[in-house]
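A.B. asks: One structure follows; several queries about it will come next.
The values are calculated or read from the model by the stated rules, or taken from the named source; none is laboratory data. These figures come from a predicted structure and were not determined experimentally. Every residue, glycine among them, receives a Cβ derived from its backbone with ideal geometry; neighbour counts consider all protein chains shown. Just so you know, the surface numbers come from the protein's heavy atoms only, side chains and all, with ligands and any DNA or RNA stripped out. Shrake-Rupley method; radii C 1.70, N 1.55, O 1.52, S 1.80 Å.
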Amino acid sequence: MSVFTRSRTSTVLGGIALIGASALVLAGCAGGGTGGDEPSESAGPVDELSLKLGTALPQTGNLAFLGPPEEAGVAYAMSQINDATADTGLDLDVVFGDSGDTDNKAYETEIPRLLGEDVSAIIGAASSSTSLQFIDQVTGAGVIQFSPANTSDAFTSYDDNGLYFRTAPSDVLQGEVLGNLIAEDGHQTLGMIVLNDSYGTGLAKYVTEAFEAAGGEVVAAPTYNTGDTSFDAQISEVLAADPDAIALITFEEVKTILPSLFGQYPAEDLYFVDGNLANFGDQFPAGSLTGAKGTFPGLSLDTITDFTDALQTFNTDEGNEPLTEFTYAAESYDATVLLALAALAAGSTDGTAMAEKLIEVSGGSGDGEKCTTYAECAAIIVGGGTADYDGISGPITFDEVGDPTEASIGIYQFGDDNKYTAYEG
């Protein structure tokens, strides 16, 4: 097991990079998120509160593989929230919708439909660039936008009327972990193939900064656009630069890119990110990805098997196909729980009122009672106390701009079956 310390208080332990609060202090964080007024007293018991949420998660588009685990996380949380209605007075309804991507633009019809359903919050999108297409429309309507997967640093300083939150950490952190991992694996030169959007270019920037700070050199970083289907030019440019390692900062386009690299480049020198880390299995010949590594935000899946096993059972009992991925499922579950707790604490389903309570129920006020389930936290609120929810995805704890102040970045490695497990190097 490798253990190493970063200048920003991040440490890797058994495949998890743990990032302390000091790593999340970003320059120029004015604007965006929820303001810093002292939290008001908890509302206490409510007689009846009907909360309606919408989701704009990727049922289609270049992140569609993330849609099933994210929607399952929301549905599972809803079931537990409604199981406690007799004790809390709050019941939850979710209207599921498709974010699509910036190519098919499903959000152009879905967001108006969801807003027309009078939702208090919309959970989504997964893609940062997709969320940026409708954030003004959602927050301008007084509705919370809460993403379980947006990682672009653009949201930290975005003027969102205090109505944008996320359970995923900024790409500043994943970029730092990945760039240092590549350097510590002994690589001195790096090539990247990068999606040309706020997620791809932002993450590439932070990978570059970390890798170069460790003494490495990025020798090629061609980009491509959402909707592109041919990547021959980008692959040729990177291979011509003869890098020691290649980082693929893409979404599902990686499935088209990889076959052109097989046989030309060693798998153990390939690196994946949260936008494309998937259990490819028999989609490629056995052994195609042996030794390749990747990162994504959140606790290592090996440490939350109780949750993923229960989620799988719930999902199949609901008549859905078994989940093959769990990326951002925990973050989606936590987002749903936090929104319900905020409504309960506010005694209201008004988006602005709920936003004012989200920092409090996440522990951001610093004076809440720790709790780890919806039922436990809700009992604290109904009893007149202040709840501090620590979720499946981590402690969360929002800062004044709606970003989590603590984060874990999982590091994974592919085996001969083209599936990934926690990296134990």
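A.B. asks: Using just the helices of the chain, give the 222 nm mean residue ellipticity in deg cm²/dmol: DSSP H runs with n ≥ 4 each add -39,500 (n - 2.57), and the total is spread over all residues, rounded to 500.
C.D. replies: Value at 222 nm, helices only, nearest 500: -10500 deg cm²/dmol.
A.B. asks: Give the Rg/Rh ratio for the range 130-226, taking Rg as the radius of gyration of the Cα atoms and Rh as the Kirkwood radius, to two decimals.
C.D. replies: 1.07
A.B. asks: So, by mean Cβ neighbours within 10 angstrom, what's the order for 365-371, 197-203 with the highest one leading?
C.D. replies: 197-203, 365-371
A.B. asks: How large are Rg and Dmax for the range 38-180 when only the alpha carbon atoms are used, in Å?
C.D. replies: When restricted to Cα atoms, the range 38-180 yields Rg and Dmax of 16.1, 52 Å.
A.B. asks: Tell me, in nm to one decimal, what length is gained between Asp103 and Thr290 on full extension, where the rule is 0.36 nm per residue of separation less the Cα-Cα distance?
C.D. replies: Stretched out fully, the Asp103 to Thr290 stretch lengthens by 64.1 nm.
A.B. asks: Then there is this: Any idea how far apart Asp136 and Glu376 come out in nm if each label point goes 7 Å out from Cα toward Cβ?
C.D. replies: Taking the simple label geometry, Asp136 and Glu376 are separated by 4.3 nm.
A.B. asks: Tally up the carbon and sulfur contribution to the accessible surface of the range 65-214 as a whole percent, 1.4 Å probe, everything protein left in place.
C.D. replies: It is 43 percent, rounded to a whole number.
A.B. asks: Using the heavy atoms of the protein chains alone and a 1.4 angstrom probe, what is the accessible area of the range 97-252 per residue in square angstrom?
C.D. replies: With all protein chains present, the range 97-252 gives 31 Å² per residue.
A.B. asks: Also, I was wondering about something else. Relative to the first principal axis of the alpha-carbon coordinates of the chain, what is the inclination of helix 351-362, with its axis defined by its Cα atoms, in degrees from 0 to 90 and to the nearest 10?
C.D. replies: 70 degrees
A.B. asks: Could the peptides 389-400, 323-334 be put in order, highest first, of the mean number of other beta-carbon atoms found within 10 Å of their residues?
C.D. replies: Sorting 389-400, 323-334 by mean packing, highest first, produces 323-334, 389-400.
A.B. asks: Here is a further query. Return the equivalent ellipsoid semi-axes of the range 42-111 as a descending list in whole Å, where each equals the square root of 5 times an eigenvalue of the C-alpha gyration tensor.
C.D. replies: Output for the range 42-111: semi-axes of 31, 13, 7 Å.
A.B. asks: Using 18 Å as the cut-off for backbone N distance, which residues of the range 46-77 belong to the label zone defined by a point 7 Å from the Cα of Gln283 along Cα→Cβ?
C.D. replies: It comes to 58-71, nothing else.
A.B. asks: Continuing with this model, one more query. Rounding to the nearest 10 and keeping the result within 0 to 90°, find how far the Cα-based axis of helix 107-116 lies from the longest principal axis of the chain.
C.D. replies: 10 degrees
A.B. asks: What pairs in Lys105/Lys205; Lys205/Lys293; Lys205/Lys419; Lys52/Lys357; Lys255/Lys419 have C-alpha atoms more than 22 Å from each other?
C.D. replies: From the list (Lys105/Lys205; Lys205/Lys293; Lys205/Lys419; Lys52/Lys357; Lys255/Lys419), the Cα-Cα distance tops 22 Å for Lys105/Lys205; Lys205/Lys419.
A.B. asks: Between helix 329-346 and the chain, what is the angle of the helix's C-alpha long axis to the longest principal axis, kept within 0 to 90° and rounded to the nearest 10?
C.D. replies: In the chain, helix 329-346 runs at an angle near 20 degrees to the longest axis.
A.B. asks: Asp367 versus Thr324, label points 7 Å from Cα toward the beta carbon: distance in nm?
C.D. replies: Those two pseudo-labels are separated by 5.1 nm.
A.B. asks: Against the globular-protein guess of 2.2 N^0.38 Å, express the Cα radius of gyration of the chain as a ratio, rounded to two decimals.
C.D. replies: Dividing the Cα Rg of the chain by 2.2 N^0.38 Å gives 0.95.
A.B. asks: If I model a spin label at Asp228 and Asp302 as a point 7 Å from the Cα along the Cα→Cβ vector, what separation in nanometres do I get?
C.D. replies: 3.5 nm
A.B. asks: Using a 1.4 Å probe over the heavy atoms of the protein chains, calculate the carbon and sulfur portion of the accessible area of the range 236-325 as a whole percent.
C.D. replies: Ligands and nucleic acids excluded, carbon and sulfur reach 45 percent.
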